[in-house]
Amino acid sequence: MSNASPVIDVPELAAIIGADAVYLKFEGVHPTGTHKHRAARSVIRHAVRSQFAVVTVGSCGNYGAAIAFEAAASRASCHVFVPSNYARSRTAEMLEYGAEVHFVEGTYEDAVASSREFAVQSGAYDCNASGFADDLILRSYRAIAAELREQVHGITAVWVPVGDGTTITGIYEGFRAKNKVARMYAVSSAGNNAACASVAAGMVVELQPADICPTSFNEPLISWRSAHAEDVVRLVRESGGGAIEVTDAQLSDAASQLSSFAAINSWPAGAAGLAGLIAAPAHLRTGRHAIVVTAAKNESP
């Protein structure tokens with residue numbers, strides 16, 4: 001547990017929300033301030049062990065920055081594909097770490113497709129989720145559940161920001177492996193996330209790419225097609241949890257709450273778990289809640 005991210009008990013938030021306890025699983029302690037650094041570390045280590053000199057990924061920002069950081073540390077050449085119209089793509093950091101950044105017209109899914117095409121053509125290691133790196137990525141997120149089991153006893157519910165659904169799937173698998181499953185809540189941008197839409201429909205659905213509305217608040221959360229939608233539908237059903245969609249204003253307010261009560265400088269999307277808990281009906285806010293939180297680079301509470 002020496003490398004575990006901390007859990008922060010915030011009784012002031014619990015009192016406001018009407019919960020017995022609110023714990024923040026603070027992932028901002030990682031070098032790039034995001035839980036996705038866990039996955040990047042594992043994937044790049046595997047790429048190096050497998051003797052790949054070049055790695056690639058499609059990203060809206062956080063995972064790309066983490067891959068670029070770990071690739072630089074391992075002296076691997078890194079190519080990151082990002083949507084050209086994204087405001088928080090973190091390209092300055094990627095370039096600082098020595099990555100080559102490729103701008104792609106279209107959505108996050110288009111950036112991933114371009115990265116995968118590059119991997120096939122160049123022989124680079126494909127770091128994208130749902131490819132052959134998927135199990136490594138899921139395993140890295142299972143560790144979050146293992147840490148939470150040690151850090152907080154009697155968790156009622158876990159609230160997770162959701163884009164493609166990989167993180168919440170890994171966390172759920174980590175709990176299920178020990179037969180200690182809390183209610184799992186997927187939280188994402190209203191009208192912009194296929195995993196949450198799939199939960200509402202009770203089956204896997206895709207959204208229309210033209211209907212997706214990226215903003216500087218919600219970019220890490222939006223996805224018109226989710227590789228893990230089926231998993232998210234299943235884990236919500238099995239755990240008795242749910243999917244909650246929140247607006248940009250609710251994301252911004254949750255980030256402000258983190259700043260006020262826990263001195264955490266979070267991106268709005270990184271505060272989505274808290275936004276979901278605040279937005280939930282009153283009967284869901286009782287109990288002991290763990291919220292996965294990402295934050296700005298190198299900030300700590």
Subject >> the range 112-126 - phi-based ³J(HN,Hα) in whole Hz, Karplus 6.51/-1.76/1.60, Gly and Pro as x >> reply: 5, 4, 5, 5, 5, 5, 4, 4, 5, 6, 9, x, 6, 6, 8
Original post:
Got a sec to turn the phi values of the range 192-204 into Karplus ³J(HN,Hα) couplings, 6.51 cos²θ - 1.76 cosθ + 1.60 with θ = phi - 60°, whole Hz, x for Gly and Pro?
Top reply: 10, 9, 5, 5, 5, 5, 5, 4, 4, 7, x, 7, 5
Original post:
Where does the charge balance sit around V22 when Lys and Arg score +1, Asp and Glu -1, over other residues with C-beta under 14 Å from its C-beta?
Top reply: 0
Original post:
Mind listing the phi-derived Karplus ³J(HN,Hα) values for the range 239-245, rounded to whole Hz, using 6.51, -1.76 and 1.60 with θ = phi - 60°, and x for any glycine or proline?
Top reply: 8, x, x, x, 10, 10, 9
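Please get the size of the charge dipole for the range 44-120, origin at its Cα centre, with Cβ charges of +1 on Lys and Arg and -1 on Asp and Glu, quoted in debye to the nearest 20.
Details: 6 positive and 8 negative charges, 68 e Å.
The calculated dipole for the range 44-120 is roughly 320 debye.
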Original post:
Share of antiparallel DSSP beta bridges in the chain, in percent to the nearest 5?
Top reply: 10
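Can you compute the helix-only [θ] at 222 nm over the chain? Use -39500 (n - 2.57) per DSSP H run of at least 4 residues, normalise by all residues, nearest 500 deg cm²/dmol. Present the calculation step by step, with values, prior to reporting the outcome.
Working: 11 runs with 125 residues, N = 301.
For the chain, the value works out to -12500 deg cm²/dmol.
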Subject >> Unit charges on C-beta of K, R, D, E only; dipole of the chain, Debye >> reply: 920
Original post:
At what distance in nm do the modelled label points of H46 and A282 sit from each other, each positioned 7 Å from its Cα along Cα→Cβ?
Top reply: 4.7
Original post:
Using 7 Å Cα-to-Cβ label points, what is the R139/S259 separation (nm, one decimal)?
Top reply: 4.0
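So what is the relative contact order for the chain, in percent, with contacts set as C-alpha pairs under 8 Å and at least six apart?
Numbers: 703 pairs, mean separation 65.9, N = 301.
Computed over the chain, the figure is 22 percent.
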**OP:** Determine the per residue accessible area of the chain with all protein chains present and a 1.4 angstrom probe, expressed in square angstrom.
**Re:** 39
Original post:
Between the range 189-208 and the range 96-120, what is the C-alpha centre distance in whole Å?
Top reply: 24
Original post:
Taking +1 at the Cβ of each Lys and Arg and -1 at the Cβ of each Asp and Glu, which of A249, I155, I44 sits farthest along the dipole of the chain towards its positive end, judged by Cα position relative to the Cα centre?
Top reply: I155
Original post:
Points 7 angstrom from Cα along the Cβ direction at D110 and A4: gap in nanometres?
Top reply: 4.4
Original post:
What FRET efficiency do you get for Q121 and A53 if R0 is 22 Å and r is their Cβ-Cβ distance, rounded to the nearest 0.05?
Top reply: 0.90
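The values are calculated or read from the model by the stated rules, or taken from the named source; none is laboratory data. Predicted model only: the values in this text are computed from it and were never measured. Don't worry about glycine lacking a Cβ; one is built from the backbone with ideal geometry, like all the others, and counts go over all protein chains shown. Note: areas computed on protein heavy atoms with side chains; ligands, DNA, RNA excluded. Shrake-Rupley method; radii C 1.70, N 1.55, O 1.52, S 1.80 Å.
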